[in-house]
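Here's the structure we're looking at; comments come further down.
The values are calculated or read from the model by the stated rules, or taken from the named source; none is laboratory data. All figures in this text were calculated on a predicted structure; none of them were measured in a lab. Because the Cβ atoms are built from the backbone with ideal geometry, glycine has one as well, and the counts that use them run over all protein chains shown.
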Amino acid sequence: MAYIDIAERRQLRRKLTFWRVAAFLIIAAAIALVWSALWGGDVGKARDHIARVKISGLIQDDAELLERLDTIAKNDSVKGLIVSIASPGGTTYGGEVIYKAIRKVAEKKPVVSDVRTLAASAGYMIAIGGDHIVAGDTSITGSIGVIFQYPQVKNLLDKIGVSLEEIKSAPLKAEPSPFHFPPPGAKEVIQSMVNDSFDWFVTLVSQRRGIPKAEALKLADGRVFTGRQAKTAKLVDQIGGIKEIRDYLVSKKVGANLPIVDWEPQDNGSPFFLGGLAQDMAEAVGLGWLSKVGSLKNLSEDKLLLDGMVSVWQFDGK
């Protein structure tokens, strides 16, 4: 009988623990949902503030970033935007759509581009979306240009006795190909695409920076500039940091004491601490490895070769 009583008490204790945990999760979820509905999940964004968005790494078509910028544009609590850039560039289209999203924000509130260590090529394309560009003395920027790259392995295939035969609708279909030298006209077609995108980029620089197009073309030979050189060339407005950024925003009637709130990429998991709580519970039962699956996916998306035309600064490491 004593043994049965002990077993029953243990079972009752386990049930009580389960319902306590369940009740805690239900209450936490309810609080999170109410908070998210009222303040968008972040109390810092519920009051007047200056938003800051950080753009780093290779630039590609980023739907989440575009949505974040659109939300910032529509949020009346955001009185100004700082776009902090640390990127060598990326796809031309990726830079284009982010530039246009920043300009939509600028239609409603002042935007400052903060050039950090590197904002080149498509990174600079994004920077000129701001109303004012601030860079460090030794920041690297510029590299105005467009490039289309493709590998060529025909000589290697010839050495090992392998060939790829093709039947296609027209000579320029799927050209240029890495498996054979381009037929007549293929390079000219790609060159015309590059020239058209380049002309669009240079025209944008000319218009946004108030530089005659002939002068902008001289600066658009692919070279990079230090922040000081870029200031002299009128590619940036000011040398400085957060103080100079705040001073500019104050000149646009943005409160000097408003907090700067980082608008980080939105977490697809549960709001607030529920995502972290779920992770802790997964670790407790030995399933913590599941959270690494998404990381592997992201790793696979960091391509060594970007698709299509790119505007990216590369240096020769030899």
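Could we say that Ser77 is among the hydroxyl-bearing types (Ser, Thr, Tyr) and under 17 Å from Tyr99 (Cβ atoms) here?
Criteria not met by Ser77.
Are there any pairs, at least 6 apart or on different chains, whose C-beta atoms fall under 8 Å, with the first in segment 222-237 and among the polar types (S, T, N, Q) and the second surrounded by 15 or more Cβ atoms within 10 Å (Cβ to Cβ) and assigned to a loop (DSSP other than H, G, I, E, B), and if so, which?
Close Cβ pairs satisfying both conditions: Thr226/Ser139.
Failed condition for Phe181, given (1) surrounded by 13 or more Cβ atoms within 10 Å (Cβ to Cβ); (2) aromatic (Phe, Trp, Tyr); (3) in a loop (DSSP other than H, G, I, E, B), with all others met?
All conditions are met except number (1).
Report every pair of residues separated by at least 6 positions or lying on different chains whose Cβ atoms are under 8 Å apart, first residue within segment 158-183 and in contact (Cβ under 8 Å) with a residue 12 or more places away in the chain, second basic (Lys, Arg).
So the pair list comes out as Pro176/Lys187; Pro178/Lys154; Phe179/Lys154; His180/Lys154; Phe181/Lys154.
Among the residues of segment 105-122, are any part of a helix (DSSP H, G or I) and free of Cβ contacts under 8 Å to residues at least 12 places away in the same chain?
Step one: filter segment 105-122 for residues part of a helix (DSSP H, G or I), giving 105-106, 122.
Filter once more, keeping what is free of Cβ contacts under 8 Å to residues at least 12 places away in the same chain: none.
No, that holds for no residue.
With segment 21-98 as the region, which strands (runs of 3 or more DSSP E) entirely inside it contain at least 2 residues that are at pLDDT 95 or above and in the same structural domain as Val115 (by TED's automatic domain parsing)?
So the answer is 49-56, 78-87.
Quickly run through segment 123-156 and pick out the residues that are assigned to a helix (DSSP H, G or I) and farther than 19 Å from Gln238 by Cα.
Looking only at segment 123-156, we keep the residues that are assigned to a helix (DSSP H, G or I), and these are 123-127, 154-156.
Once the filter is applied, which keeps residues that are assigned to a helix (DSSP H, G or I) and farther than 19 Å from Gln238 by Cα, segment 123-156 yields Lys154, Asn155, Leu156.
One line per residue, one yes/no per condition, for (1) in contact with a helix residue (DSSP H, G or I) (Cβ under 6 Å, 6 or more places away or on another chain); (2) at pLDDT 95 or above:
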{"site": "Val205", "(1), (2)": "yes, yes"}
{"site": "Ile211", "(1), (2)": "no, yes"}
{"site": "Lys218", "(1), (2)": "no, yes"}
{"site": "Pro271", "(1), (2)": "yes, no"}
{"site": "Leu287", "(1), (2)": "no, no"}
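Could you check segment 112-139 and list, in sequence order, the residues that are surrounded by fewer than 24 Cβ atoms within 10 Å (Cβ to Cβ), out of contact with any helix residue (DSSP H, G or I) (no Cβ under 6 Å at 6 or more places or on another chain) and closer than 22 Å to Ala216 by Cα?
Leu118, Thr138
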